[in-house]
């Protein structure tokens, strides 16, 4: 079901009901009022006509009630549930009870009640009870509700309280209360990664590079306020439990971690940490690797990535064709290979991304490109940052050593299968950038959709209904380079020239 799609089936049932009513009225006008039959025959005739008319009307109304339709004539469709919320209701296979405690004088709460009523009519397994706490204070008190505009969601003995007037948040609550297992997403920290518990607002690097997220800013180690707090909060809205994991203080990754996230580390891993990652993936774990520009993989971690069929290059991708604003290092991706992760993803942005190379994976491991740059993109070598691997000097690079070769570059891959010594199939995603998941870029374009879809796939929930939480952001219109040039040409160049041309035509005809 697309956003605000119109369902024609209820309209057809309405047309059938209308035809039945018209047929009854037409029969009433055509059938004779007086007959030459006997008394008992006239009584039987009249009774049959009444019973037939009532029966037709009753059946038509029952059919219409069982195929209820909803028509929203507002331009913004404010009385229509979101497509994601409707998909959640359609997918219900167990009874869910929602008790909505609303403020009867709050317009937003009244709209939410009407939206929930539409959702209730959609599926008989969705049961709604709308309660005004001012009129039924005892019920609110016994339910433990002390606030307005809150939904108590119950299913199979589990309860969850959601405070919102947004049906999308309630749909997320339904998914959470129906989930029968704990999903813990563990953020690995201790190497200068983007922190998961920082402030959740739009942040940028403030330094001499003037808000750059490319190669120049990759050498800046101190990044105050720059983190993945918005990503963490979006995961928690999905019902996932976000945990911080300091890998250097543990011998292994806990089995409770459904998936681990390596969010743009700045300093090199220890060999024991890389060994813990390998052991976790051998047990069938899942991991999202986001390696930013300049990060150096220590030999054990590099060997693990090779076993996954991936090599991380010490280069930066420059895309003159598909990028944001005037920065060719802020790569924009508009097309994706077919995969459950990118099923509903559109434009995404990657500020300062390094390419990945697929190297012959071992038997039992399947590597699929997920993100690629445009055909005009090329790469430039970059210096590694902050290496502390003993006996391994930084690589020497020479940007003028060879002319750049244009062609699409792989920016992200998905990996499935069994690595050497593995007992269960693993799932992994590797991306050559971490800034795209940060607070600065997470809410914009489809970055959040891609990251949440990746988390669902890693948690092996990709078969369910995807519902993305609403993320409040300032109003922005983000365009790629070609789109910006097109808008500039149409508005700044073509429109004024057309006015001048029309003026010249009018002058020529009146001269």
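The values are calculated or read from the model by the stated rules, or taken from the named source; none is laboratory data. Here the structure is a predicted model, which means the values were calculated and not measured. Cβ sites come from the backbone with ideal geometry, for glycine too, and all protein chains shown count toward neighbours.
Name the one entry in 395, 390, 468, 400 that is assigned to a loop (DSSP other than H, G, I, E, B), at pLDDT below 80 and outside the structural domain of residue 270 (by TED's automatic domain parsing). Before the answer, list the steps.
Numbers: 395 fails: outside the structural domain of residue 270 (by TED's automatic domain parsing); 390 fails: outside the structural domain of residue 270 (by TED's automatic domain parsing); 400 fails: outside the structural domain of residue 270 (by TED's automatic domain parsing).
Exactly one residue qualifies, and that residue is 468.
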- request: Starting from residues that are in contact with a strand residue (DSSP E or B) (Cβ under 6 Å, 6 or more places away or on another chain) and assigned to a loop (DSSP other than H, G, I, E, B), keep the ones in the range 319-330 and report whichever is surrounded by the fewest Cβ atoms within 10 Å (Cβ to Cβ).
  value: 320
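Please go through the range 279-318 and pick out each residue that is under 26 Å from residue 420 (Cα atoms) and in a strand (DSSP E or B).
If the condition is that a residue be under 26 Å from residue 420 (Cα atoms) and in a strand (DSSP E or B), then 286, 287, 288, 289, 290, 310, 311, 312 are the ones that fit.
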message: Is it the case, given these coordinates, that residue 353 is crowded, with 21+ Cβ neighbours inside 10 Å, modelled with pLDDT under 90 and touching a strand residue (DSSP E or B) at 6+ places or on another chain (Cβ under 7 Å)?
response: no
query: Among 341, 316, 310, 333, which is the only one that is in contact with a helix residue (DSSP H, G or I) (Cβ under 8 Å, 6 or more places away or on another chain), buried (at least 20 other Cβ atoms within 10 Å of the Cβ) and touching a residue at least 60 places away in the same chain (Cβ under 8 Å)?
result: 341
- prompt: Is the range 59-66 home to any residue that is exposed (fewer than 14 other Cβ atoms within 10 Å of the Cβ), modelled with pLDDT of 80 or more and farther than 21 Å from residue 115 by Cβ?
  reply: yes
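Could you tell me which of the residues 276, 255 is free of Cβ contacts under 8 Å to residues at least 60 places away in the same chain and in a loop (DSSP other than H, G, I, E, B)? Spell out how you get there, then give the answer.
Numbers: 276 fails: in a loop (DSSP other than H, G, I, E, B).
Only one candidate qualifies: 255.
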